[in-house]
Amino acid sequence: MHPTIQRMAEIVASGEDEKIATILAEDVKFLPPTYWKTWQGRAPVAAVLGHVGQVFSDFRYRRIMGEGNDWALEFQCKIGDRDAVGVDLITLNAEGLISDFEVVMRPHSSVGALREAMNARVMTDPRFLKYKDALS
């Protein structure tokens with residue numbers, strides 16, 4: 001397994017954006033399951049993923065598939081009292097950092113619960129005022 005993917009499996013659900021930032025490319029693009037725009041840039045993507053790590057509970061990767069620069073990591077978690085499953089689709093750049101990160105999830109009700117929880121967190125995090133320009 002690629003060292004970045006191994007590190008991701010260890011820290012992505014930690015809620016610690018400083019650790020998450022260490023595996024992201026400076027120009028990383030993040031496509032979340034709850035928002036139609038793409039987040040761009042290491043700092044805003046790390047901040048978003050840090051909040052996600054605090055919203056998810058009982059997070060674990062069930063399967064990790066891939067090689068080279070392309071990876072798919074299947075996960076399960078809880079969002080409040082709702083169960084969710086999903087896949088992190090990851091592309092690594094030439095330096096081995098995450099350059100593209102797309103998340104697909106189901107069921108729809110759990111994605112809605114994630115969106116509500118994330119919106120509540122973002123509205124109370126002053127960092128996101130400066131990050132709103134990071135959205136393409």
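Can we say residue 81 is of a type in the set (Asp, Glu), over 24 Å from residue 126 (Cα atoms) and either modelled with pLDDT of 95 or more or in contact with a strand residue (DSSP E or B) (Cβ under 6 Å, 6 or more places away or on another chain) (or both)? When the stated conditions are applied, residue 81 does not pass them.
Could you list, in sequence order, the residues of segment 78-93 that are in a strand (DSSP E or B), in contact (Cβ under 8 Å) with a residue 24 or more places away in the chain and exposed (fewer than 15 other Cβ atoms within 10 Å of the Cβ)? Explain how you work it out, then say what you get.
Step one: of segment 78-93, the residues in a strand (DSSP E or B) are 78-79, 82-92.
Still in the running and in contact (Cβ under 8 Å) with a residue 24 or more places away in the chain: 79, 82-84, 86, 88, 90, 92.
Hits for segment 78-93 are 82, 83.
Specify which of the listed residues (16, 26) is more than 24 Å from residue 113 (Cα to Cα) and surrounded by fewer than 17 Cβ atoms within 10 Å (Cβ to Cβ). Write out each step before concluding.
Details: 16 fails: more than 24 Å from residue 113 (Cα to Cα).
26 is the lone residue from the list that is more than 24 Å from residue 113 (Cα to Cα) and surrounded by fewer than 17 Cβ atoms within 10 Å (Cβ to Cβ).
Tallying residues that are crowded, with 18+ Cβ neighbours inside 10 Å and among the hydroxyl-bearing types (Ser, Thr, Tyr) within segment 32-60 yields 0.
Against the definition (surrounded by 16 or more Cβ atoms within 10 Å (Cβ to Cβ) and either within 11 Å of the chain's Cα centre (by Cα) or on the phi < 0 side of the Ramachandran plot (or both)), how does residue 103 come out, yes or no? Spelling it out, residue 103 is indeed surrounded by 16 or more Cβ atoms within 10 Å (Cβ to Cβ) and either within 11 Å of the chain's Cα centre (by Cα) or on the phi < 0 side of the Ramachandran plot (or both).
What number of residues within segment 96-125 satisfy the criterion of being in a loop (DSSP other than H, G, I, E, B) and acidic (Asp, Glu)?
Our first condition is that a residue be in a loop (DSSP other than H, G, I, E, B); within segment 96-125, this holds for 96-97, 107, 124-125.
Narrowing further to those that are acidic (Asp, Glu): 125.
Counting residues in segment 96-125 that are in a loop (DSSP other than H, G, I, E, B) and acidic (Asp, Glu) gives 1.
Checking each residue in segment 1-44 for being in a loop (DSSP other than H, G, I, E, B) and polar (S, T, N, Q) picks out 22, 34, 38.
Looking only at residues in segment 27-78 that are at pLDDT 95 or above and aliphatic (A, V, I, L, M), the one that is nearest to residue 93 (Cα to Cα) is 28.
Taking segment 37-67 as the range and being in contact (Cβ under 8 Å) with a residue 24 or more places away in the chain, closer than 21 Å to residue 113 by Cβ and among the small types (Gly, Ala, Ser) as the test, the residues that pass are 47, 50, 53.
Test residue 106 against the criterion of being modelled with pLDDT under 95, under 26 Å from residue 70 (Cα atoms) and out of contact with any Leu (no Cβ under 7 Å at 6 or more places or on another chain), and give yes or no. Spell out how you get there, then give the answer.
Working: modelled with pLDDT under 95: yes; under 26 Å from residue 70 (Cα atoms): yes; out of contact with any Leu (no Cβ under 7 Å at 6 or more places or on another chain): yes.
Considered against the rule, which asks whether it is modelled with pLDDT under 95, under 26 Å from residue 70 (Cα atoms) and out of contact with any Leu (no Cβ under 7 Å at 6 or more places or on another chain), residue 106 comes out as yes.
The values are calculated or read from the model by the stated rules, or taken from the named source; none is laboratory data. Keep in mind it's a predicted model, so treat the numbers as computed, not measured. With ideal geometry, Cβ positions are generated from the backbone for all residues, glycine too; neighbour counts draw on all protein chains shown.
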